[in-house]
Amino acid sequence: TGIHPDRLQEERERGLTIELGFAWMTLPSGREVSIVDVPGHVRFVRHMLAGVGTIDLALFVVAADEGVMPQTREHLEILDLLDVRHAVVALTKVDLAPDEEWLELVEEELREELAPTTLGRAPIVRTSAATGEGLDALRAALDAALADTPEPRDVGRPRFGIDRVFTMQGFGTVVTGTLLDGTLRAGETLEAVPGGPSARIRGLQTHQQQVGEAQPGTRVAINLAGVGTDELRRGQVLAPPGQVGVARTIDAVLRVLPERALRHNLRVTVHLGAAETQGRLRVLGGDEVAAGSEGWCQVQLAPPLAAAPGDLFVVRVSDRTLGGGRVLAVNTPRHRRTDPGAVERLRALAAGSSDEAVLAVLERVEPATLAELARHADAEGDALAGSVEALVERGDVMTLDGAEARYLSAAGAARLRTRAERALEAYEREHPLRRVMSGEELRARLGLDAR
C-alpha cells in the first residue's frame, strides 16, 4: 500500500502490531479498498476483535516458516463466529521456508484448518514481502474475491462505530471508524451511544480526501464540532439522535466452540463491533449451552453498549474465545428460563425478517410506529412495512389511528383489555361513589403515554 500502519514507536521497535492500523490501496480493477491491520499476537486478540467486526473480506496471513500457530486457530475461530464468508489467505515469508516439501505440508495443514469454517473455500496465495513474490497474484485474488462480495446495505439508518479518537491541529476532535447502514453528510448532528454527547459533523474524509457525503461500507474520518476527545471513546457508536439504543441486555442465539460448555450465570467478556464490555450469561431452556452446540441466551451487560438486532458478537472468558452469537433483540424484560414461549419467540426472531419475527418484535415494543419498530427489527423499510401490512390483514395486528399510525398486536390488545378491566374493577372498589374513571387516570394506571 505504501502506507506503514504501525503508528506506535513500540510497534516499530518490536516489529509487531499492537494496536489497530489503517491503510488503503487501489486494486488492478481500479477498486479502492480500505485496510484495517489487526494484531496477530495472542496477547492482543482483544485489539484484533475491535477491528474485524465490520469487514467485508479477510486477508488471512500465515507465516510459511512457522505454519499454523495457536493464534492462527483463534483468529480463524473468530472470523467463523463473525460469519466472515469472503477471504484470501496469504501464505507469506515463503522465502524463509526450508524447501518446497515444507511449503506443501504447511499449505495442507492450513487447508485442513480452514475446511470446516466460513473460510473453507478461500484461495491460498504464496507470497514474500521481501522478494515481491506472489504480490501481483495476491492483488488479483483480492480483486476477484471482492467482486463476489455483496454491496454494503443502505437502509437509511447510518451508524458509525468509533475505533479511534484523536485531535488534529487546526481541526479539533477527529474520530475514525467504518460507516454502516446509511450515509452521513457534513453539517448533520450525531449522538454518541452510549453515554456520549451530541456533536455536529464539521467535515468528512475517506482515504485523506475530503468528501461531502460518506457512503456505507467505507472507512471514514469525521471531524466533529462541539465535543472534546475526553468525551468520546472506542466502542461508542455515532448515529442520528434517537436512532441507536443503549443495550443493557441482549437476547441472542449463541454458538459455542468445542472447547467447553457455557453454563448459566457465567461471567463473560462481550466484544461487539469495536466495543468491549462485561456480561452475565443467562441460558434459556437449560443449564448450559453444550460445547460445540447452539443455544438461546439473554446477556446482561455492564456497562451497556450500542447494539441492534442482527449484530454479531464474540464472548471470551479469561482471554480465551469460547463462542459467539447474533443479537435477536435488545432490552427485553427478564425471561423466565423455563418458559418455552421465550425460546419460541427467539426462534421466530432467528428465522429472519419474516412476518412472525416482526410480530415478535412488535409484541416487545408495542404500541409502536413503523419508525419505532424499525429501530428494533432486523428488516429494511419496505420489507418491514410489507410484513406489518400482512399481519394487519391476517388480524394479528391492529392499527391505532392518530397523527401517526401506531400498531398493536392482537395478543397485546387482549392483554391490555384484561389489564384495563382489572384497573376499572380496582377503581370501583376504591371509589364506589364515583360514576366514571377519567381517561387520564386509566392511562396512568396502565402505564401508557399520551399517544
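Here, each number is a calculation from the coordinates, and none is a lab measurement. Everything quoted here is computed from the prediction, not taken from an experiment. Every residue, glycine as well, gets a Cβ built from its backbone with ideal geometry; the counts of neighbours run over all protein chains shown.
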Quiz item: Once amide H atoms are built 1.01 Å from N in the peptide plane, which residues 5 or more positions from residue 211, or in another chain, come under 5 Å H to H?
Solution: 204, 205, 206
Practice problem: Work from the charge dipole of the chain (Cβ charges, +1 for Lys and Arg, -1 for Asp and Glu, about the Cα centre) and give the residue of 256, 142, 296 farthest towards its positive end. | Solution: 296
Exercise. For the chain, build the charge dipole from Cβ charges (+1 Lys, Arg; -1 Asp, Glu) around the Cα centre, then report which of 196, 79, 2 sits farthest towards its positive end.
Key: 196
Quiz item: Could you give me the ³J(HN,Hα) list for region 395-406, computed from phi with Karplus coefficients 6.51, -1.76, 1.60 and θ = phi - 60°, whole Hz, x at Gly and Pro?
Solution: x, 7, 9, 10, 9, 9, 6, x, 4, 9, 4, 10
Practice problem: For residue 397, enumerate residues with amide H under 5 Å from its amide H, sequence gap 5+ or separate chain, H modeled in the peptide plane. | Solution: 392, 410
Quiz prompt | Cα-centre dipole for region 9-147 with unit charges at Cβ (Lys and Arg positive, Asp and Glu negative), debye to 20 | solution = 540
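With a cut-off of 8 Å between alpha carbons and a minimum separation of six or more residues, what is the relative contact order of the chain in percent? Provide the component values of the computation, followed by the final result.
Numbers: 937 pairs, mean separation 43.0, N = 451.
10 percent.
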Practice problem: May I ask you to evaluate 6.51 cos²θ - 1.76 cosθ + 1.60, the Karplus curve with θ = phi - 60°, for each residue of region 191-196 and list the ³J(HN,Hα) values in order in whole Hz, giving x for glycine and proline? | Solution: 10, 8, 10, x, x, x
Quiz item: Near the amide H of residue 133, under 5 Å away, which other amide H atoms are found, from residues 5 or more places off or on another chain, if H is placed in the peptide plane?
Solution: 128
Practice problem: Take the alpha carbon atoms of region 222-249, find their center, do the same for region 38-65, and report the distance between the two centers in whole angstrom. | Solution: 25
Quiz item: Mind listing the phi-derived Karplus ³J(HN,Hα) values for region 23-38, rounded to whole Hz, using 6.51, -1.76 and 1.60 with θ = phi - 60°, and x for any glycine or proline?
Solution: 7, 7, 7, 10, 7, x, 6, x, 6, 9, 10, 9, 10, 10, 8, 10
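By counting other Cβ atoms within 10 Å of each Cβ, how are 19, 259, 108 ranked from fewest to most? Write down the numbers at each step before the final one.
On the way: 19 19, 259 13, 108 9.
Ordered from fewest to most neighbouring Cβ atoms within 10 Å, 19, 259, 108 come out as 108, 259, 19.
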Quiz item: Expressed in nm to one decimal, what extension gain is obtained for the pair residue 405 and residue 383 from 0.36 nm per residue of sequence separation less their Cα-Cα distance?
Solution: 6.2 nm
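Which of rounded, prolate, oblate describes region 159-239, given a ≥ b ≥ c as roots of the alpha-carbon gyration tensor eigenvalues and a/c under 1.5 marking rounded, otherwise prolate only if a/b is larger than b/c?
Because its axes are fairly even, with a/c under 1.5, region 159-239 counts as rounded.
What does the C-alpha gyration tensor say about the overall shape of region 9-147? Classify as rounded when a/c is under 1.5, otherwise prolate if a/b is larger than b/c, or oblate. Display every interim value, and only then the final one.
Working: a/c = 1.15, a/b = 1.08, b/c = 1.07.
The shape class here is rounded.
Which value, in debye to the nearest 20, describes the size of the charge dipole of the chain about its Cα centre when Lys and Arg Cβ atoms bear +1, Asp and Glu Cβ atoms bear -1, and nothing else is charged? If you can, show how the numbers build up before the last one.
Details: 52 positive and 67 negative charges, 458 e Å.
I would put it at about 2200 debye.
When DSSP assigns beta bridges and you keep just the ones with both residues in the chain, what percent turn out antiparallel, to the nearest 5? Walk me through the numbers on the way to the answer.
Working: 85 of 95 bridges.
Antiparallel: roughly 90 percent of the beta bridges in the chain.
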Quiz item: Quick one: 60, 171, fewest Cβ neighbours within 10 Å first, how do they rank?
Solution: 171, 60
Quiz prompt | Fraction in percent of alpha-carbon pairs per bin - 10 Å, the chain | solution = 4, 18, 26, 25, 16, 7, 3, 1, 0, 0
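Got a sec? How would 388, 237 order by Cβ neighbour count within 10 Å, fewest to most? Could the numbers behind the result be given before it?
On the way: 388 24, 237 28.
Listing 388, 237 from fewest to most nearby Cβ atoms yields 388, 237.
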Quiz item: Of all the Cα-Cα pairs you can form in region 8-74, what percent are over 16 Å apart?
Solution: 56
Practice problem: Identify, among 397, 21, 39, the residue whose Cα sits farthest towards the positive end of the charge dipole of the chain, taking +1 on the Cβ of Lys and Arg and -1 on the Cβ of Asp and Glu, with the dipole about the Cα centre. | Solution: 397
